[in-house]
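Everything on this sheet refers to the single structure shown next.
The values are calculated or read from the model by the stated rules, or taken from the named source; none is laboratory data. For clarity, every value in this text was computed on a predicted model and none was experimentally measured. Using ideal geometry, Cβ is built from the backbone for each residue, glycine included, and neighbour counts are taken over all protein chains shown. Ligands, DNA and RNA are excluded from the accessible area calculation, which covers all protein heavy atoms including side chains. Shrake-Rupley method; radii C 1.70, N 1.55, O 1.52, S 1.80 Å.
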Amino acid sequence: VIEQLLEYGVQVMVDSIFREKLRNFDNIDLDSEMIRHFDPKPVPGFGSGKQLLSPSEDDVTNNSNGEDQQHSADLSDADLIVTLGGDGTIMYASHVFSGPVPPILPVAGGSMGFLTPFAREEMLEAILIALGLKEVTADENDGDDDKDSHDNKNGLTISQRANNNMHIEASSFSGYSDREPLAFGNNNKICISMRMRFDCRIFGIDGSLRARYTVLNEVVIDRGSSPYLASLECFCDDVHLTTVQADGIIFATPTGSTAYSMAAGGSVVHPAVTPICPHVLSFRSMVFPDHVVLRCYVPSDARSTACVHFDGKHRTELSRGDSVQIEMSPHPVPTINRVDHSADWLSSLKSNFNFNTRVRQKKISTTSVSD
């Protein structure tokens, strides 16, 4: 695919690991200016320790004297991210871009792929369509949309809908392959889901900031290796919500509501709080609006410490008095849909989870039974 993209005049950014794999292909010139090298670097203000304040001296040195500096790439230059694998590759891309994120084209390469609607054999055409180098295949019921799709000659037009889905309209681009383009999109437009993320901070008992992470799926606070139940105090906009005595608690985004939260009995909806095996029957999954700030801390009289995980990574122990603050990040993750947000989401529910699947009820026989 990379060789074909280079023929179309598309610059490709690769990291060190992928770059080494490409050395096995004689037909790819790694010294070409069209192949640029990057390595994910810590983002100041995110992470833990010194990284919260500024980049390390090693990073500054590597930036100025690094190998292949003439072909090095700034990730802010990226127009499109292509992930090949399962849902974890999208979460990895989310962690690489703690701030604004370019549109992500998720290509299935794992075992399930709830968030990856594109097949591997469709990857090249999907990339070209997403970059505006090929037209979106028009559906039979497009109507006058064909005319609108050719009004823009200079690139892509983006409009924001009230449902927080972006629509990118592909412009025409002549001079490329005459093969029939991949059919995806809705009404001759490419739909993008703006996936909300959490902006999470860990504060010490003295109020100092210990760590900060962006989260695409969920934040999990549990009892860790302790034999005791986790004891936590939860607040919503500084109003006491509840006292948690359970194995733990899950704070899930809409994207994460179909992951660990759903497995623990949570709702498949917008941001949800789901208890993990609570010690009371009345504690059930709760749904909150995206503008609230949630805070959870370990009380001073807790029997033991707790542990927090961010998308399954960055395990951090919470001592008595430590707290975790969770709010909506100003930078969502845009992922390209095959059709649109609702169609892709419902299709994934049905194909991956056999959502509400049962044998269809048979029709009642109209034959009357004589007395």
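Put simply, of LEU216, LEU241 the only residue that is open to solvent by 10 Å² or more (accessible area, probe 1.4 Å) and among the aliphatic types (A, V, I, L, M) is LEU241.
When the test is whether a residue is modelled with pLDDT of 75 or more, of a type outside the set (Gly, Ala, Ser) and over 17 Å from the mean Cα position of the chain (by Cα), ASP77 passes it. Of everything in the stretch 339-371 that is modelled with pLDDT of 85 or more and of a type in the set (A, V, I, L, M), the residue that is farthest from ARG212 (Cα to Cα) is ILE364.
Filtering the stretch 311-326 to residues that are among the acidic types (Asp, Glu) and touching a Leu at 6+ places or on another chain (Cβ under 7 Å) leaves only ASP311.
Filter the stretch 219-235 down to residues that are open to solvent by less than 30 Å² (accessible area, probe 1.4 Å) and outside any loop (DSSP other than H, G, I, E, B) and give me whichever is nearest to GLU317 (Cα to Cα).
Applying the first criterion (open to solvent by less than 30 Å² (accessible area, probe 1.4 Å)) to the stretch 219-235 yields 219-221, 226, 230-232, 234.
Narrowing further to those that are outside any loop (DSSP other than H, G, I, E, B): 219-221, 230-232, 234.
Working: VAL219: 13, VAL220: 12, ILE221: 9, ALA230: 12, SER231: 14, LEU232: 13, CYS234: 17 Å.
Out of the qualifying residues, it is ILE221.
Residue count for the stretch 308-340 under the criterion of being among the acidic types (Asp, Glu), within 30 Å of ASP79 (Cα to Cα) and in contact with a Ser or Thr (Cβ under 6 Å, 6 or more places away or on another chain): the result is 0.
Can you work out which of the residues in the stretch 115-141 that are crowded, with 22+ Cβ neighbours inside 10 Å and farther than 26 Å from HIS331 by Cα is modelled with the lowest pLDDT? Only one residue fits best here, namely VAL136.
Among the residues of the stretch 205-212, is any under 21 Å from the mean Cα position of the chain (by Cα), closer than 28 Å to LYS50 by Cβ and modelled with pLDDT of 90 or more? Steps first, answer last, please.
Within the stretch 205-212, the subset under 21 Å from the mean Cα position of the chain (by Cα) is 211-212.
Then drop every residue that is not closer than 28 Å to LYS50 by Cβ, which leaves 211-212.
Retained after the next criterion (residues that are modelled with pLDDT of 90 or more): 211-212.
Yes, that holds for at least one residue.
So, of the residues in the stretch 197-206 that are buried (at least 20 other Cβ atoms within 10 Å of the Cβ) and touching a Pro at 6+ places or on another chain (Cβ under 9 Å), which turns out to be farthest from GLN325 (Cα to Cα)?
At the first step, the residues of the stretch 197-206 found to be buried (at least 20 other Cβ atoms within 10 Å of the Cβ) are 197-198, 200, 202.
Adding the requirement that they be touching a Pro at 6+ places or on another chain (Cβ under 9 Å) leaves 197-198.
Details: ARG197: 13, PHE198: 10 Å.
Out of the qualifying residues, it is ARG197.
Here's the yes/no breakdown for (1) of a type in the set (D, E, K, R); (2) at pLDDT 85 or above; (3) open to solvent by 60 Å² or more (accessible area, probe 1.4 Å); (4) assigned to a loop (DSSP other than H, G, I, E, B):
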| residue | (1), (2), (3), (4) |
| --- | --- |
| LEU6 | no, yes, no, no |
| ARG19 | yes, no, no, no |
| PHE25 | no, no, yes, yes |
| ARG36 | yes, yes, no, no |
| VAL43 | no, no, no, yes |
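Please find, within the stretch 98-114, the residue that is farthest from VAL1 (Cα to Cα) out of those that are under 12 Å from the mean Cα position of the chain (by Cα) and modelled with pLDDT of 90 or more. If we take residues in the stretch 98-114 being under 12 Å from the mean Cα position of the chain (by Cα) and modelled with pLDDT of 90 or more, then VAL101 is farthest from VAL1 (Cα to Cα). Spot the failing condition for GLY265; the list is (1) among the small types (Gly, Ala, Ser); (2) buried (at least 18 other Cβ atoms within 10 Å of the Cβ); (3) within 25 Å of the chain's Cα centre (by Cα), and only one is missed. Among (1) among the small types (Gly, Ala, Ser); (2) buried (at least 18 other Cβ atoms within 10 Å of the Cβ); (3) within 25 Å of the chain's Cα centre (by Cα), GLY265 violates only (2).
Considered as a group, the residues in the stretch 283-338 that are part of a loop (DSSP other than H, G, I, E, B) and aromatic (Phe, Trp, Tyr) include one that is modelled with the lowest pLDDT, and that residue is PHE283. In summary, GLY321 fulfils each of the numbered conditions (1) free of Cβ contacts under 8 Å to residues at least 40 places away in the same chain; (2) on the phi > 0 side of the Ramachandran plot; (3) open to solvent by less than 100 Å² (accessible area, probe 1.4 Å) with the single exception of condition (1). Kindly evaluate HIS270 against the criterion of being outside any strand (DSSP E or B), open to solvent by 50 Å² or more (accessible area, probe 1.4 Å) and at pLDDT below 85. Yes; evaluated as a whole, the condition is true for this residue.
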